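Contents: one structure, followed by commentary.
The values are calculated or read from the model by the stated rules, or taken from the named source; none is laboratory data. Given the structure is predicted, the values throughout are model-derived calculations rather than measurements. Every residue, glycine among them, receives a Cβ derived from its backbone with ideal geometry; neighbour counts consider all protein chains shown.
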2 protein chains.
Amino acid sequence: MKKIKELAIVGGTHGNEFSGVYLYKKWQEHAELVKRTSFVTETVFANPKAFHENKRYIDCDLNRQFTAKKLANHTLANYEQSRAKALNHQLGPKGSSRTDFIIDLHNTTSNMGPTLILLQSDDFNKKLGAYVLQKMPEAVVVFEDQKSVADHYFLCSIAEQGVIIEIGPQPQSVVRQDVLDQMDDMTQHVLDFVELSNLEQLPELPAQYEAYYWVESIKLPESKTGERIGMVHKNVQDNDFKALNKGDPIFTLFDGSVITYQGDETVYPHFINEAAYYDNNLAMSLGKKRIVIL
Amino acid sequence: MKKIKELAIVGGTHGNEFSGVYLYKKWQEHAELVKRTSFVTETVFANPKAFHENKRYIDCDLNRQFTAKKLANHTLANYEQSRAKALNHQLGPKGSSRTDFIIDLHNTTSNMGPTLILLQSDDFNKKLGAYVLQKMPEAVVVFEDQKSVADHYFLCSIAEQGVIIEIGPQPQSVVRQDVLDQMDDMTQHVLDFVELSNLEQLPELPAQYEAYYWVESIKLPESKTGERIGMVHKNVQDNDFKALNKGDPIFTLFDGSVITYQGDETVYPHFINEAAYYDNNLAMSLGKKRIVIL
């Protein structure tokens, strides 16, 4: 497998997701905690202004600004659009990036537990997922396979390899010790994997494991004028990565009536009732469970 | 007991506490749900602008603006200071209020469950607490005894009798069905109590019950320059209304060290790690458990 020489850990891409910000501060003071022998680690505070204003973002979502097209468009000049260009200059540039691997740290209000999100199912990522699950059996691996990294808008797509560590439930603008500890642990496992992979000392990994593949995001029930008229059904709330079958309740309208799921295949909801997705009236993501074979 | 003739239910005092806002919308469409025979009910949307901007408040916390002194000071003219005067005119005026009873609906990110907060331990409130616990055994009653209603800054202090219905855990800017249902249920029980009290048809109530009395709010660990240097200990997180004794862990500093509670008396934390209290670096409130005798 390819060698990673430069690695960046990014916290505070969303200003009100506090775990990454407080880990960034800790690692700024104790750089030895994220150091390994075979690569250089740097730590980055992506959106300090949003953190200081205690918001997800100032002008627009920073983690949607990293397509090749947006990065090249100099008329996109608000705060996050400018931060995206600055971060691309600092860590990239995307397409021929100085940084080989980016770990981007996020929190969710959803009950997803410690989740590793991988943007492509290549050999490196499949092994990384297996390693993290081996060390942290309570973790979940989600693949959000991207057809084209150039078209991708996530910060971690600056580098050739990028992962998101996504841990919840944690309300926005709060730091929970359990969530902070899980994020610290998962980050350490990812750093160890890169080190062992570089040194060709990976342990024996399971031949296969279960993971989830993102399929689609679905919206909350809306009126014709786009107003929310319902909410996630209480049976679905907090049941991230639990099976949802045809006929199961999925939404409750504010008038009390219940909407059931009508897809033919079993799906696995996640990002259920994530606060930040209300902007776009998104209710949850749906995934499929698949066996990953190494 | 005194008769209640006019009652107001207020939602959206904090714009990102969604349960009250969606119940307000429901009751606007179905006024019959909050109607009773012996009093008039009106529903009020306290801070629509903050809701539309998806924030707790625009300029300052609305639920801190209702002291007699602030209401009389016309130089206090920002959005919430103006809303406070408008609401005082609409429902009050405080001191000789047209409205006899205000129910103010709130959410917390803390794991407090359905909580009824009472501002004085008079006969009416003590019976109200007993009635709500009889109908809803999972509820908790908290007394925040106020020496002077004139000096009190809560919206519900406009009327002679006011209560807060405070339900969590719910992240800011999210609507959870379980929390919405609990808020609806508790509000109905309070309305029923007022009706039965007015009609002198209250059922037999238990002679005594357990409740919590607010003692103090305590701060997160801070550096000399006021920066947060620690968080709520994981043993305390989510354990609202559970006993905390001398020597129990209460905070974990970001350097890993643990701070223990040093008070001599057993206390009962609540509003543990409430997101909105980070503005002032508040970690939690501490209460004492007492037997309320009717």
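Would you mind stating whether residue A:137 is within 28 Å of residue B:236 (Cα to Cα) and away from every other protein chain (no Cβ under 14 Å)?
Yes: the conditions hold for residue A:137.
Being within 14 Å of another protein chain (Cβ to nearest Cβ), loosely packed, with under 15 Cβ neighbours inside 10 Å and under 21 Å from residue B:173 (Cα atoms) narrows it down to one of B:52, B:30, so name that one. Give the steps one after another, and end with the answer.
Details: B:30 fails: under 21 Å from residue B:173 (Cα atoms).
Within the list B:52, B:30, the selection yields B:52.
What do you reckon, is residue B:223 among the polar types (S, T, N, Q), without any contact (Cβ under 8 Å) to a residue 24 or more places away in the chain and on the phi < 0 side of the Ramachandran plot? Give the steps one after another, and end with the answer.
Details: among the polar types (S, T, N, Q): yes; without any contact (Cβ under 8 Å) to a residue 24 or more places away in the chain: yes; on the phi < 0 side of the Ramachandran plot: yes.
Yes.
One residue is enough: does the range A:65-88 have a residue meeting the conditions touching a strand residue (DSSP E or B) at 6+ places or on another chain (Cβ under 9 Å), polar (S, T, N, Q) and either in contact (Cβ under 8 Å) with a residue 24 or more places away in the chain or in the same structural domain as residue A:119 (by TED's automatic domain parsing) (or both)? Before you say what the answer is, go through the steps one by one.
In the first step, residues of the range A:65-88 are kept if they are touching a strand residue (DSSP E or B) at 6+ places or on another chain (Cβ under 9 Å); the result is A:87.
Pick out the ones that are also polar (S, T, N, Q) and you get none.
So far as the range A:65-88 goes, no, none of its residues is touching a strand residue (DSSP E or B) at 6+ places or on another chain (Cβ under 9 Å), polar (S, T, N, Q) and either in contact (Cβ under 8 Å) with a residue 24 or more places away in the chain or in the same structural domain as residue A:119 (by TED's automatic domain parsing) (or both).
Please verify whether the range A:266-284 includes one or more residues that are among the β-branched types (Val, Ile, Thr) and within 18 Å of residue A:134 (Cα to Cα). Break it down stepwise before answering.
Here is the first cut: in the range A:266-284, the residues among the β-branched types (Val, Ile, Thr) are A:266-267, A:272.
Next, from what is left, pick out any that are within 18 Å of residue A:134 (Cα to Cα): none.
For the range A:266-284, residues among the β-branched types (Val, Ile, Thr) and within 18 Å of residue A:134 (Cα to Cα): absent.
In the range A:256-277, which residues are over 17 Å from the mean Cα position of the chain (by Cα) and in contact (Cβ under 8 Å) with a residue 12 or more places away in the chain?
Just the residues of the range A:256-277 that are over 17 Å from the mean Cα position of the chain (by Cα), to begin with: A:256-267.
A:258, A:259, A:260, A:261, A:262, A:263, A:264, A:265, A:266, A:267 - these are the residues of the range A:256-277 that are over 17 Å from the mean Cα position of the chain (by Cα) and in contact (Cβ under 8 Å) with a residue 12 or more places away in the chain.
Just to be sure I understand, how many residues within the range B:79-115 are buried (at least 21 other Cβ atoms within 10 Å of the Cβ) and within 14 Å of chain A (Cβ to nearest Cβ)?
Qualifying residue count for the region: 5.
From the set of residues in the range B:116-134 that are assigned to a loop (DSSP other than H, G, I, E, B) and of a type outside the set (A, V, I, L, M), which is farthest from the other protein chains (Cβ to nearest Cβ)? Lay out the reasoning, then the answer.
First pass over the range B:116-134, keeping only residues assigned to a loop (DSSP other than H, G, I, E, B): B:119-122.
Narrowing the set further to residues that are of a type outside the set (A, V, I, L, M) leaves B:120-122.
Working: B:120: 31, B:121: 31, B:122: 34 Å.
So the residue we want is B:122.
With the structure loaded, tell me whether residue B:260 is more than 14 Å from every other protein chain (Cβ to nearest Cβ), under 30 Å from residue A:281 (Cβ atoms) and out of contact with any His (no Cβ under 8 Å at 6 or more places or on another chain) or whether it fails that test. Let's see the steps before the verdict.
Working: more than 14 Å from every other protein chain (Cβ to nearest Cβ): yes; under 30 Å from residue A:281 (Cβ atoms): no; out of contact with any His (no Cβ under 8 Å at 6 or more places or on another chain): yes.
Considered against the rule, which asks whether it is more than 14 Å from every other protein chain (Cβ to nearest Cβ), under 30 Å from residue A:281 (Cβ atoms) and out of contact with any His (no Cβ under 8 Å at 6 or more places or on another chain), residue B:260 comes out as no.
So which of B:236, B:232, B:292 is more than 16 Å from residue A:174 (Cα to Cα) and either in the same structural domain as residue B:15 (by TED's automatic domain parsing) or β-branched (Val, Ile, Thr) (or both)? Break it down stepwise before answering.
Details: B:236 fails: more than 16 Å from residue A:174 (Cα to Cα); B:232 fails: more than 16 Å from residue A:174 (Cα to Cα).
Being more than 16 Å from residue A:174 (Cα to Cα) and either in the same structural domain as residue B:15 (by TED's automatic domain parsing) or β-branched (Val, Ile, Thr) (or both) holds for just one of B:236, B:232, B:292, which is B:292.
What is the one condition in (1) within 14 Å of chain A (Cβ to nearest Cβ); (2) modelled with pLDDT of 95 or more that residue B:279 does not satisfy?
Unmet condition: (2).
If you check B:109, B:115, B:99, which single one turns out to be at pLDDT 95 or above, β-branched (Val, Ile, Thr) and closer than 23 Å to residue B:207 by Cβ?
Working: B:109 fails: closer than 23 Å to residue B:207 by Cβ; B:99 fails: closer than 23 Å to residue B:207 by Cβ.
That would be B:115, the only listed residue that is at pLDDT 95 or above, β-branched (Val, Ile, Thr) and closer than 23 Å to residue B:207 by Cβ.
Residue-wise test of (1) within 12 Å of chain B (Cβ to nearest Cβ); (2) under 23 Å from residue A:61 (Cβ atoms).
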| site | (1), (2) |
| --- | --- |
| A:216 | no, yes |
| A:225 | no, no |
| A:236 | yes, no |
| A:245 | no, no |
| A:251 | yes, no |
| A:269 | no, yes |
| A:275 | yes, yes |
| A:285 | no, yes |
| A:289 | no, no |
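Tell me the helices (runs of 4 or more DSSP H) entirely within the range A:14-98 that contain at least 2 residues that are of a type in the set (Gly, Ala, Ser) and at negative phi.
On the way: elements: A:18-29, A:48-52, A:68-72, A:79-91.
Helices (runs of 4 or more DSSP H) meeting the threshold: A:18-29, A:68-72, A:79-91.
Tell me which residues, restricted to the range B:182-239, are exposed (fewer than 14 other Cβ atoms within 10 Å of the Cβ) and hydrophobic (A, V, I, L, M, F, W, C).
Listed by number, the residues that qualify are B:199, B:207.
Identify, from the list A:163, A:179, A:142, A:194, the residue that is touching a residue at least 12 places away in the same chain (Cβ under 8 Å), away from chain B (no Cβ under 14 Å) and within 25 Å of residue A:236 (Cα to Cα). Quick ask: steps written out before the conclusion?
Details: A:163 fails: within 25 Å of residue A:236 (Cα to Cα); A:179 fails: away from chain B (no Cβ under 14 Å); A:194 fails: within 25 Å of residue A:236 (Cα to Cα).
Testing whether each residue is touching a residue at least 12 places away in the same chain (Cβ under 8 Å), away from chain B (no Cβ under 14 Å) and within 25 Å of residue A:236 (Cα to Cα) leaves just A:142.
Within the range B:137-189, which residues are touching a strand residue (DSSP E or B) at 6+ places or on another chain (Cβ under 8 Å) and among the β-branched types (Val, Ile, Thr)?
Across the range B:137-189, the qualifying residues are B:140, B:141, B:142, B:158, B:163, B:164, B:165, B:167, B:175, B:179, B:187.
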